[in-house]
Amino acid sequence: MKYEYEFVEILSDHAEGATVSVGFLSKVQGFNCVFCPMPKDESNTCEIPPHEFCRFSHSIPSFRLTGTEGRGITKGWYELDPAALPASVSQNLSGEEAAQDRDRQSPPSGSAS
């Protein structure tokens, strides 16, 4: 059985009986567990009414990136906990993608680790 997942960032505070505003996240190509917010326009955000809160099946631990973690990383992106992601999302990268991933995450020459 194939499952579909949407990864979102909660954009509004929760109040009893109120809708919750969410913004969709997109997986960043070349990284196992890095996701970026999609531009916050009408098609990339939505309101979830209280009777649909069951759509929130999991809370995935994440770390908001500062942009200083390595090459190719932008401030405001998220690194999601790979142990909490479905196998179809956190599957191992091919050898070439893994090498590109390591290159992006290594500090630039001359900087301290």
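Every number here is computed from the coordinates shown, using simple stated rules; none is lab data. Computed from a prediction, not measured in an experiment: that's the story for all the values here. Cβ: placed from backbone, ideal geometry, glycine included. Neighbour counts: every protein chain shown.
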Summing Lys, Arg as +1 and Asp, Glu as -1, what charge do residues with Cβ under 15 Å from the Cβ of Lys40 carry, Lys40 excluded? -4
Lys and Arg at +1, Asp and Glu at -1: add these up for the other residues within a Cβ distance under 12 Å of Lys27 and post the number. -2
Estimated vicinal HN-Hα couplings, Hz - the stretch 32-43 in sequence order (Karplus 6.51, -1.76, 1.60; Gly, Pro = x): 5, 10, 9, 10, 10, x, 7, x, 7, 10, 4, 7
Just going by the charge dipole of the stretch 26-88, with Lys and Arg at +1 and Asp and Glu at -1 on Cβ, which of Leu80, Phe31, Phe53 is farthest out on the positive end? Phe31
Once label points are set 7 Å from the Cα along Cα→Cβ at both Met38 and Tyr3, what is their separation, rounded to one decimal in nm? 2.1 nm
Would you pull out the residues with amide H under 5 Å of Leu65's amide H, same chain only if 5 or more places away, H placed 1.01 Å from N? Gly76, Trp77, Tyr78, Glu79
So, over other residues within a Cβ distance under 10 Å of Phe63, counting Lys, Arg +1 and Asp, Glu -1, the net charge is -2
Scan around Val28 for amide H atoms under 5 Å from its own, H built in the peptide plane at 1.01 Å from N, and keep only partners 5 or more places away or cross-chain. Val34, Phe35, Cys36
